[in-house]
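Only one structure is covered here, and it is reproduced in the block below.
The values are calculated or read from the model by the stated rules, or taken from the named source; none is laboratory data. As the structure is a prediction and not an experimental result, all values here were calculated from the model. Note: ideal-geometry Cβ built from the backbone for every residue, glycine included; neighbour counts use all protein chains shown. Side chains included, ligands, DNA and RNA excluded: accessible areas come from the protein's heavy atoms. Shrake-Rupley method; radii C 1.70, N 1.55, O 1.52, S 1.80 Å.
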Amino acid sequence: MTSETAVAAVDPADVERARKAAASADRVVVKAGTNSLTDEDSKLDRVKLDKLVADVMDLRREGKEVVLVSSGAVGAGIGHLEQTHLDRDTDEIEESQALSTVGQSLLMRHYTQSFDRYDQTVAQILVTGKDLDSPERLRNVRNTVETLLEWGVVPVINENDAVATDELRIGDNDMLSASVALALDVDLLVTLTDVAGVYTGNPKRDADASVIEAVGSNYDDVRAIIGDSTTTDFGGIQTKVEGARDVAESGRPAIIAGSAEPDVLARIAAGKSAGTLFVPSTGETNE
């Protein structure tokens, strides 16, 4: 049996309802991964970043509120320092923390410059897992974001790697974006990555792998496939799927799509197919 036939189809009516709900979302969390922002040398890629900002502004022009969850600080720090003693695959938390402080400032400088082209103000918010686990801190984060959105500002959220420890780390910005989406009661989570969605196999190793249109009642099939196909060069798809599934189980759609796809967010806002759609597990939406 091929991976193509191993994935059951989701009810087309449920897919259509979820796609319409995604298109009509008033508040959207957009998560951008490191590979969607940096080049092969880990340096920030201004072309990629400008493309992401242009996509976000497509949503803003539709009158939607957008919260951007951005990875890339540690990677940008590595690329900027260009020091040969730095291990790009290091597990040393102290090094990662220090690298993030270099990269985060670069990241926000580029975001500010890019959004300035549209006269769009942005704000930086750094959080840790404790901020989202503590009711009081979560309330403070939520109040800050709500105020910024009322002002028409785009919040840019990242994990506060400089002070995070193994006990405090959220662990992955894919899960951070899902937690933020649930905490802010958004209508849609879009995770942008360097692949076009969730595939029937590892697209970097399997030329026959194809994008799965929708995930819902077939979740167990999809989870089995990504468990078999995931390797270190497959973009951390497991955590992306887990985060999207968490949001879908809360009754709202989520999408994993390719950041390089033309007008990817505008397509979603128009109700068109883009990447892999996660249908709310009840078949209903929170419209």
Heavy atoms only, probe 1.4 angstrom, no DNA, RNA or ligands counted: give me L148, L37 ranked by accessible area, highest first.
L148, L37
Mean ellipticity per residue at 222 nm, deg cm²/dmol - from DSSP H runs of n ≥ 4 across the chain, formula -39500 (n - 2.57)
-13500 deg cm²/dmol
For q values of 0.14 Å⁻¹, compute log₁₀ I(q)/I(0) with the Debye formula on a Cα-only model of the chain, without solvent.
-1.01
How much length is gained if the chain between T121 and A260 is pulled fully straight, taking 0.36 nm per residue apart and subtracting their Cα-Cα distance, in nm to one decimal?
47.7 nm
As a test question: what accessible area, to the nearest 10 Å², does D246 have when a 1.4 Å probe is rolled over all protein chains in place?
60 Å²
Charged-residue dipole, Cβ positions (Lys, Arg, Asp, Glu), the chain about Cα centre, Debye nearest 20:
860 debye
Could you tally the net charge around S259, taking each other residue with its Cβ under 9 Å from the Cβ of S259, Lys/Arg +1 and Asp/Glu -1?
-1
Based on the Cβ-Cβ distance of A9 and L138, what FRET efficiency does E = 1/(1 + (r/R0)^6) give at R0 = 35 Å, to the nearest 0.05?
0.40
Compute, for V156, the solvent-accessible surface of its heavy atoms (probe 1.4 Å) with the complete set of protein chains present, and express it in square angstrom to the nearest 10.
0 Å²
Could you check the spin-label model distance between D221 and W151? Points 7 Å from the Cα along Cα→Cβ, value in nm.
4.8 nm
Taking all protein chains in place and a 1.4 Å probe, what share, in percent, of the accessible surface of the chain do carbon and sulfur account for?
45 percent
In sequence order, calculated HN-Hα J values of segment 95-110 (Karplus, 6.51, -1.76, 1.60; Hz; x Gly/Pro)
5, 4, 4, 5, 4, 5, 5, 6, x, 5, 5, 5, 4, 5, 4, 5
Note down the accessible area of E16, probe 1.4 Å, to the nearest 10 Å².
80 Å²
Go through K130/K204; K43/K204; K204/K272 and tell me which ones have a Cα-Cα distance over 29 Å in this structure.
K130/K204
Leaving out ligands and nucleic acids, note down the accessible area per residue over the chain with a 1.4 angstrom probe, in whole Å².
46 Å²
